[in-house]
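The values are calculated or read from the model by the stated rules, or taken from the named source; none is laboratory data. Keep in mind that what you see is a predicted model, and the values were worked out from it rather than measured. Because the Cβ atoms are built from the backbone with ideal geometry, glycine has one as well, and the counts that use them run over all protein chains shown.
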Amino acid sequence: MEDILKFETINQYNAFNKQETLHPLVSIVDLSKADKREARRMSYNFYTVFLKEIKCGDLRYGCNYYDYEEGTLIFLAPGQAIGSNQPGEYYQPQGLALVFHPDLIHGTSLGRNIINYSFFSYEVNEALHLSEYERLTVLDLFKKIEFELSHAVDKHSKMLIVSTIELFLNYCIRFYDRQFITRDKVNKGVVQQFEQLLNNYFQTDKPQTIGLPSVSYCAGELHLSANYFGDLIKKETGKSAQELIQVKVIDLAKEKLFEPGKTASEVAYELGFKYTQHFSRLFKQRVGQSPNEYKMLN
């Protein structure tokens, strides 16, 4: 079993980084105050956002060229692990971390909508790279959270802290949209690879042995997380990855239906459907006619 250093509480993480705990459910951690540490794989039982400089270092995402190099935001949902075990290798952590426990946002607008911030499930190499303006915006919001934490708790504290975190995450949606736009050439390459992947998939026996290609399968083949891949495809094409898979399936189905003597059931099997009725239902949803009606009318 892989050795992972696990943090269950905010207080535990604060103590590890020599940070005072001002609130049991949320903290802004200055990682430069922590001692040098051995490279370890770590996981957190709370939401974690790292604001780091771009360089090879403790988060192990390598040295790559990025169009914006004023800072990097890395998002982790509760239970995710990051880093790698490098026995005997020590480093000085740098940057800031915003950590907040799910209990902090229960019953709030952020709690109801946290699932919509899909970047919490991105891989580390899909991090958000900031411009100088964006970095200053993030630092300003972190200072507002710190200000609330440094004052006596009153009936407004939780609302102000949670609403500031929500504002920060909404800014991150904007910043990611900018990143998708500025990397348009790279993203179009992913779209082309996705199209080629689907073409290759249906030219093999994978539909019969594995079934229909899923979004997560395609993302994995392209070395992307499912959420990042889905968001990228939606931004570039205006359609979800699942929709594009279905469009491909229906286009192939239309061709196969006109092969001499081929039934709808045989087409369904060749495309990877487990049940013919599922194929017929999808075909009618997308085309407006059943497979057999389409074949007769054309």
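A quick yes/no check of all residues on (1) in contact (Cβ under 8 Å) with a residue 12 or more places away in the chain; (2) surrounded by fewer than 18 Cβ atoms within 10 Å (Cβ to Cβ); (3) over 20 Å from residue 97 (Cα atoms); (4) among the polar types (S, T, N, Q):
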{"site": "149", "(1), (2), (3), (4)": "yes, yes, no, no"}
{"site": "155", "(1), (2), (3), (4)": "no, yes, yes, no"}
{"site": "172", "(1), (2), (3), (4)": "yes, no, no, no"}
{"site": "176", "(1), (2), (3), (4)": "yes, no, no, no"}
{"site": "183", "(1), (2), (3), (4)": "yes, yes, yes, no"}
Report task. Please work out if residue 298 is within 30 Å of residue 128 (Cβ to Cβ) and either crowded, with 17+ Cβ neighbours inside 10 Å or touching a residue at least 40 places away in the same chain (Cβ under 8 Å) (or both). Result -> no
Query raised in the report: Quick one: which of 82, 10 is modelled with pLDDT under 95 and not charged (D, E, K, R)?
Result: 82
Requested in this report: Determine whether residue 229 is outside the structural domain of residue 174 (by TED's automatic domain parsing) and loosely packed, with under 15 Cβ neighbours inside 10 Å.
Outcome: no
Query - Criterion (among the basic types (Lys, Arg) and assigned to a helix (DSSP H, G or I)) met by exactly one of 155, 144 - result: 144
Query raised in the report: Going through the range 100-135 one residue at a time, which ones are assigned to a helix (DSSP H, G or I), at pLDDT 90 or above, among the aliphatic types (A, V, I, L, M) and surrounded by 13 or more Cβ atoms within 10 Å (Cβ to Cβ)?
Result: 104, 105, 110, 114
Query raised in the report: Looking at the range 103-124, which of its residues are over 26 Å from residue 225 (Cα atoms) and of a type in the set (Phe, Trp, Tyr)?
Result: none
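Just give me the residues in the range 201-221 being of a type in the set (Gly, Ala, Ser) and surrounded by 17 or more Cβ atoms within 10 Å (Cβ to Cβ), in sequence order. It would help to see each step written out before you state the result.
First, the residues of the range 201-221 that are of a type in the set (Gly, Ala, Ser): 211, 214, 216, 219-220.
Selection gives 219 alone.
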Query raised in the report: Does residue 160 satisfy the condition of being in a helix (DSSP H, G or I), farther than 20 Å from residue 225 by Cβ, in contact with an Asp or Glu (Cβ under 8 Å, 6 or more places away or on another chain) and of a type in the set (A, V, I, L, M)?
Result: yes
Report task. Check off (1) under 19 Å from residue 173 (Cα atoms); (2) at pLDDT below 95; (3) aromatic (Phe, Trp, Tyr) for residue 90 and give me the number that stays unchecked. Result -> (1)
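Looking only at the range 82-95, how many residues end up being assigned to a strand (DSSP E or B) and buried (at least 19 other Cβ atoms within 10 Å of the Cβ)? Before the answer, list the steps.
If we filter the range 82-95 for residues that are assigned to a strand (DSSP E or B), which is where we start, we get 82, 86-91.
Imposing the further condition that a residue be buried (at least 19 other Cβ atoms within 10 Å of the Cβ) reduces the set to 82.
So the count comes out to 1.
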